[in-house]
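Each value in this text was obtained by applying a stated rule to the coordinates, not by laboratory testing. This one's a predicted model, so the numbers in the text were calculated from it and none came from an experiment. Quick reminder, even Gly has a Cβ in these numbers, built from the backbone with ideal geometry, and neighbours come from all protein chains shown.
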Amino acid sequence: MTNFSTLTACGECCGGCSKKQNGACPGCIEAKGRVPEWAESGVCRVYACAEKHGARFCGLCEEFPCKDIEKMIPWNAGIIAHLTALRNEYYDRN
């Protein structure tokens, strides 16, 4: 069962991340998308986009799946299926 309070905009969970555990990263939610990975841009593009659209995570965005999602989240080849499953779980529980 997913803990949606710890789910990031891209559908990841920072809770088990070694960077967060060792203090190298504050976590996407806590840092409002301003994490070391995106320091050069100031804020994570995925976080900023979800916030702009008023979505807790991409799967809940009214534009999901958008044309940019696979480019913004290239580390997860199955991102659309992943976020769809999270969206379905979220709506089933709420």
Q) Once Kirkwood radius over Cα pairs in Å is worked out from the coordinates, which option in [x] 15.6; [y] 14.7; [z] 13.6 does it equal? A) [z]
(Q) I want to verify a result. In a Gaussian network model of the chain, Cα cutoff 10 Å, which of these has the top mean-square fluctuation: P36, P26, P74? (A) P74
Q. What is the helix-to-structure angle for 79-93, meaning the angle in degrees between its Cα long axis and the longest Cα principal axis of the chain, kept from 0 to 90 and rounded to the nearest 10?
A. 70
Q.
Of C13, Y91, F64, which is farthest towards the positive pole of segment 8-92's charge dipole, taken about the Cα centre with +1 and -1 on the beta-carbons of Lys, Arg and Asp, Glu respectively?
A. C13
**Q.** Over segment 45-94: Rg over Rh, Cα atoms, Kirkwood Rh
**A.** 0.95
Q: Quickly work out the S18-to-K52 label distance, labels modelled 7 Å from Cα along the C-beta direction, and quote it in nm with one decimal.
A: 3.4
Q | Selected from C17, C58, C28 as most flexible by GNM, with the chain as the system and alpha-carbon contacts under 10 Å | A | C17
(Q) Can you give me the distance in nm between label points at I29 and N88, each placed 7 Å from the Cα along the Cα-to-Cβ direction? (A) 2.3
Q. Top mean-square fluctuation among G11, G59, G42, Gaussian network model of the chain, C-alpha springs under 10 Å?
A. G42
**Q.** Theoretical ellipticity at 222 nm over the chain - DSSP helices of four or more residues, -39500 (n - 2.57) apiece, nearest 500
**A.** -8500 deg cm²/dmol
Q. Roughly what would the spin-label model give for M72 and T6, points 7 Å off Cα along C-beta, in nm?
A. 2.4
